[in-house]
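The values are calculated or read from the model by the stated rules, or taken from the named source; none is laboratory data. Note that this is a predicted model, so its numbers are computed, not measured. Ideal geometry is used to build each Cβ from the backbone, glycine not excepted, and the neighbour counts take in all protein chains shown. Surface areas here come from the heavy atoms of the whole protein model, side chains and all, with no ligands, DNA or RNA. Shrake-Rupley method; radii C 1.70, N 1.55, O 1.52, S 1.80 Å.
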Amino acid sequence: FGKIGTSRNKNMTKIRPLATAAAAYCCVLLTTTTTTVVVAQSSTEETCGFCPGGYPPLNPSALVDATNDNSTTCGDVHNLLLTGVSAGEDCAAARVDAILGGAAVSFLAGGGSGGSGYPAACGYCAPPRAGSTTSCSLCPAGDVPSLPADTPVTLPDGTESTCGEAAYRANLERIYSDGCLALQQSSIPALCGCEPTTCAVCPDGVSELADPDMWSFAAEMSCGDLARNAAALEPTGEDCRTVQTIAMGECGCGYVPPYQPGCALCADGVPVPDPSYQLFPGDELSTCGLYGWYAALPPFGTGNEQCAALQSTFGAACGCPSPPRPPCRVRCQGYLDDETGLYQDVVFNATHVVSDFEVGDADFLFEDYHLCGEILFEMSINDDICTPDGIAALQDECCMVPYVPPKSGSGRRQSTGVVSAAAIMMAYFMV
């Protein structure tokens, strides 16, 4: 991230160095393209059965309707269709009646009422067989959804349903048919845990942009254009994570914890205490949750100096427990209070704001306003400014007496220049 000191776009509020680097990284990589993979199931069907292709469901021993029938299993329904119905149109109609309508349960139970809707206890149908070309799969990559079959979803027609029924209805569709594409292109695959085949602009894979015309200052394009670019990226790549980070900050996507981080913002890997906390009030890209995503991007890696610098400064400012000491050490010295005769602690206040901080020569001028933790981060990754003079200057600005909240009813207010109760106090710098 190098030297700081360039002027910032006023409309960006105060995009911090990490966010700026992420945006630059994003815009270089948005030319990558990928192709959506749609895998089918069976090419021919010689026998009937529970699943297209004549196969049983993944849980054949489960009870179809445990509430009303303690004997009929999913395998029983499969065997009924396998032995009693011929392949072809008769089988297709019989499947809908028997499995989605509960007719097989009614018959096997000896005239009981049966169920209605897909029997989620049966699980899903097996993944498509190699060489299959005609049948649809809910998951575009052909995998089995990872979430339980009874996970509630809403079908494209507005019907309340489950992942199991959505997957089964997809199995009954032909590949590339309107019904198949309606299911695959809805939010249902993500809600059911299908493996993504393209990068979703919102990392939860479900949220949709509230306003595609909203402008992303970090990416320098509309959120709608950012989403269209995201669709051309690999879903697990660093460029996809960069786009998703920006979309969470500026396009209204819901926050989710970062996945597969190269560097965790909190050194012990625990989640950030308050992902919504803004290190710079009013700057949407300065939340602790997004800094956790920045940590997952290059140049940060597990155990390297940049990662340690991030954890010890921004991680500490976000309240991560037991952050490591920064590579550039700042020691705040306590003193003996002449009036009280008591020893007074002094701590490094990572969230204190400093203006126009200069280290060494003019090449390292921190213009505008910066957090003490932000300056310490830059000093920790740049040996040219981690000097005795630079450390002494930062001590003068950022070492403070910790604020002790008053007892209830005292009416005492916090005085200027002390660490507030909400600020993160990094007292370990004293040793």
Kindly indicate whether Q278 is open to solvent by 10 Å² or more (accessible area, probe 1.4 Å) and within 21 Å of T387 (Cα to Cα).
-> no
Count of region 239-257 residues which are among the basic types (K, R) and closer than 9 Å to A219 by Cβ | 0
Return a yes/no flag: does region 194-208 have any residue that is part of a loop (DSSP other than H, G, I, E, B), more than 25 Å from C223 (Cα to Cα) and either at pLDDT below 85 or not aromatic (F, W, Y) (or both).
-> no
For region 298-317, state whether one or more residues are outside any helix (DSSP H, G or I), open to solvent by less than 10 Å² (accessible area, probe 1.4 Å) and under 20 Å from C263 (Cα atoms).
-> no
Residue check: is G117 open to solvent by 10 Å² or more (accessible area, probe 1.4 Å), of a type in the set (G, A, S), out of contact with any Lys or Arg (no Cβ under 7 Å at 6 or more places or on another chain) and under 30 Å from S286 (Cα atoms)?
-> no
State which residue is surrounded by the fewest Cβ atoms within 10 Å (Cβ to Cβ) when the search covers only region 355-384 and only residues that are of a type in the set (A, V, I, L, M) and at pLDDT 85 or above.
-> I381
Region 122-158: number of residues that are at pLDDT 90 or above and open to solvent by 50 Å² or more (accessible area, probe 1.4 Å) = 6
Please give the number of the condition I246 fails out of (1) in contact with a helix residue (DSSP H, G or I) (Cβ under 7 Å, 6 or more places away or on another chain); (2) open to solvent by 40 Å² or more (accessible area, probe 1.4 Å).
-> (2)
Kindly provide the set of residues from region 99-109 that are buried (at least 20 other Cβ atoms within 10 Å of the Cβ) and at pLDDT 85 or above, ordered by number.
-> I99
Selection status of P388, in contact with a strand residue (DSSP E or B) (Cβ under 8 Å, 6 or more places away or on another chain) and either at pLDDT below 50 or over 23 Å from Y294 (Cα atoms) (or both) | no
For region 147-184, which residues satisfy the criterion of being within 17 Å of F50 (Cα to Cα), assigned to a loop (DSSP other than H, G, I, E, B) and not hydrophobic (A, V, I, L, M, F, W, C)?
-> E173
Could you list, in sequence order, the residues of region 56-82 that are modelled with pLDDT of 90 or more, open to solvent by 50 Å² or more (accessible area, probe 1.4 Å) and of a type in the set (S, T, Y)?
-> S61
Cβ pairs under 9 Å, 6+ apart or interchain, first in region 67-88 and acidic (D, E) and assigned to a helix (DSSP H, G or I), second modelled with pLDDT under 90 and open to solvent by 40 Å² or more (accessible area, probe 1.4 Å), ordered by first then second residue, are D76/L108
Within region 396-420, restricting attention to residues that are touching a strand residue (DSSP E or B) at 6+ places or on another chain (Cβ under 8 Å) and modelled with pLDDT of 85 or more, which residue is most open to solvent (accessible area, probe 1.4 Å)?
-> E397
How about region 253-266: which of its residues are under 13 Å from the mean Cα position of the chain (by Cα) and surrounded by fewer than 23 Cβ atoms within 10 Å (Cβ to Cβ)?
-> G254, Y255, V256, P257, Y259, Q260, P261
